[in-house]
Amino acid sequence: MTQRITLLISACVLGATAVLAGCAVSPGASDLDQLTARIFQKSFRDEGIVKVAAMAQDDATRECSAADVAGKPLDEKRAKEIEAANLKTIQWPADGRFLGDWQKGEALAQSGRGLTFTDTAQTPNGGNCYNCHQLSPKEISFGTIGPSLYNYGKIRGVTDLASPAARPIVEYTWGKIWNAKAYNACSHMPRAGHKGILTPDEVRHLVALLLDPKSVVNQ
Ligand code: HEC
């Protein structure tokens with residue numbers, strides 16, 4: 001019986017968070033949060049390199065999920081606070097070098113390998129950018145969760161990366177790839193640098209992919 005009630009509650013929580021009013025059991029919101037957390041903890045286990053700890057939420061993921069469930073955008077003041085806190089986490093290049101090799105960036109953008117249960121700890125992580133963005137016009141397989149990044153540098157008038165005029169867009173591009181939530185609290189883009197998915201060197205290659213006038217993205 002207890003088992004059945006638990007199942008009923010979990011079906012409500014997991015399947016229909018947005019229509020809780022329709023659930024047979026309707027505990028208060030914080031009870032539900034605790035229950036959901038317990039169900040998650042019990043339903044998953046560390047498997048190879050994938051750890052349950054990866055599901056731990058921070059302010060951004062917790063508050064943005066709650067706003068999603070409530071069907072309204074996150075409060076503007078909180079959004080700004082979350083962005084400011086995420087901005088502080090960005091690791092800027094210690095040696096001031098923001099740009100790498102766009103060809104290596106293209107390979108990283110193409111790769112969705114790394115950090116999955118079929119990978120080992122030695123599998124190099126990709127950036128998985130094509131999963132959500134168009135980049136090179138030569139690649140016809142891409143996702144559309146994010147905006148097209150084709151001509152990203154060209155559209156922004158970048159012709160000489162060494163010129164001081166290019167500096168703000170170079171910095172923003174680095175910061176966005178490092179921690180997308182620094183500029184959009186509830187961004188759905190993975191926080192590649194912040195979460196240790198990509199190294200500073202790899203972020204450099206991706207910044208070059210997006211901004212180098214010679215890159216396939218800007219042809
Ligand atoms: C899960 C989907 C997803 C993945 C994977 C993803 N992005 Fe994004 N990205 C988005 C979304 C959605 C936006 C727009 C909303 C926002 O700004 O946060 C975005 C925005 C951006 C922007 C800002 C564009 C602008 O005009 O300001 C850049 C730059 C960017 N992504 C680069 C990348 C790169 C490089 C990668 C690979 C390392 C990547 N993204 C991977 C979803 C994704």
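The values are calculated or read from the model by the stated rules, or taken from the named source; none is laboratory data. These numbers were taken from a predicted model, which means no experiment stands behind them. No Cβ is skipped: glycine too gets one built from the backbone with ideal geometry, and neighbour counts run over all protein chains shown. Quick note on the areas: whole protein, heavy atoms, side chains included, nothing else; ligands and nucleic acids left out. Shrake-Rupley method; radii C 1.70, N 1.55, O 1.52, S 1.80 Å.
To keep it simple, each residue is scored yes or no on (1) more than 14 Å from P213 (Cα to Cα); (2) within 14 Å of the chain's Cα centre (by Cα); (3) touching a residue at least 40 places away in the same chain (Cβ under 8 Å).
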{"residue": "N128", "(1), (2), (3)": "yes, yes, yes"}
{"residue": "N131", "(1), (2), (3)": "yes, yes, no"}
{"residue": "Q134", "(1), (2), (3)": "yes, no, no"}
{"residue": "F142", "(1), (2), (3)": "yes, no, no"}
{"residue": "I145", "(1), (2), (3)": "yes, yes, yes"}
{"residue": "Y152", "(1), (2), (3)": "no, no, yes"}
{"residue": "A162", "(1), (2), (3)": "no, no, no"}
{"residue": "E171", "(1), (2), (3)": "yes, no, yes"}
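Would you call G71 loosely packed, with under 14 Cβ neighbours inside 10 Å and not basic (K, R)?
Numbers: loosely packed, with under 14 Cβ neighbours inside 10 Å: yes; not basic (K, R): yes.
Yes: the conditions hold for G71.
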Test set (1) within 11 Å of the ligand (Cβ to nearest atom); (2) in contact with an Asp or Glu (Cβ under 8 Å, 6 or more places away or on another chain); (3) small (G, A, S) - A166 fails condition number:
(1)
Take R204 and decide whether it is part of a loop (DSSP other than H, G, I, E, B), at pLDDT 95 or above and assigned by TED's automatic domain parsing to the domain that holds E83.
no
Inside the range 121-148, can you point out the residues that are near the ligand (Cβ under 7 Å from one of its atoms) and of a type in the set (A, V, I, L, M)?
I145
Identify all residues within the range 186-207 that are within 23 Å of T61 (Cβ to Cβ), touching a helix residue (DSSP H, G or I) at 6+ places or on another chain (Cβ under 7 Å) and either among the hydroxyl-bearing types (S, T, Y) or more than 9 Å from the ligand (Cβ to nearest atom) (or both); write none if there are none.
S187, R191, G193, H194
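Find the residue count for the range 149-159, including only residues that are charged (D, E, K, R) and within 11 Å of the ligand (Cβ to nearest atom).
First, pick out the residues of the range 149-159 that are charged (D, E, K, R): 154, 156.
Now drop any that are not within 11 Å of the ligand (Cβ to nearest atom), which leaves 156.
Within the range 149-159, residues that are charged (D, E, K, R) and within 11 Å of the ligand (Cβ to nearest atom) number 1.
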Within the range 94-120, residues part of a loop (DSSP other than H, G, I, E, B), within 16 Å of the ligand (Cβ to nearest atom) and open to solvent by less than 80 Å² (accessible area, probe 1.4 Å) come out as F98, L99, G100, D101, S111, G112, G114, T116
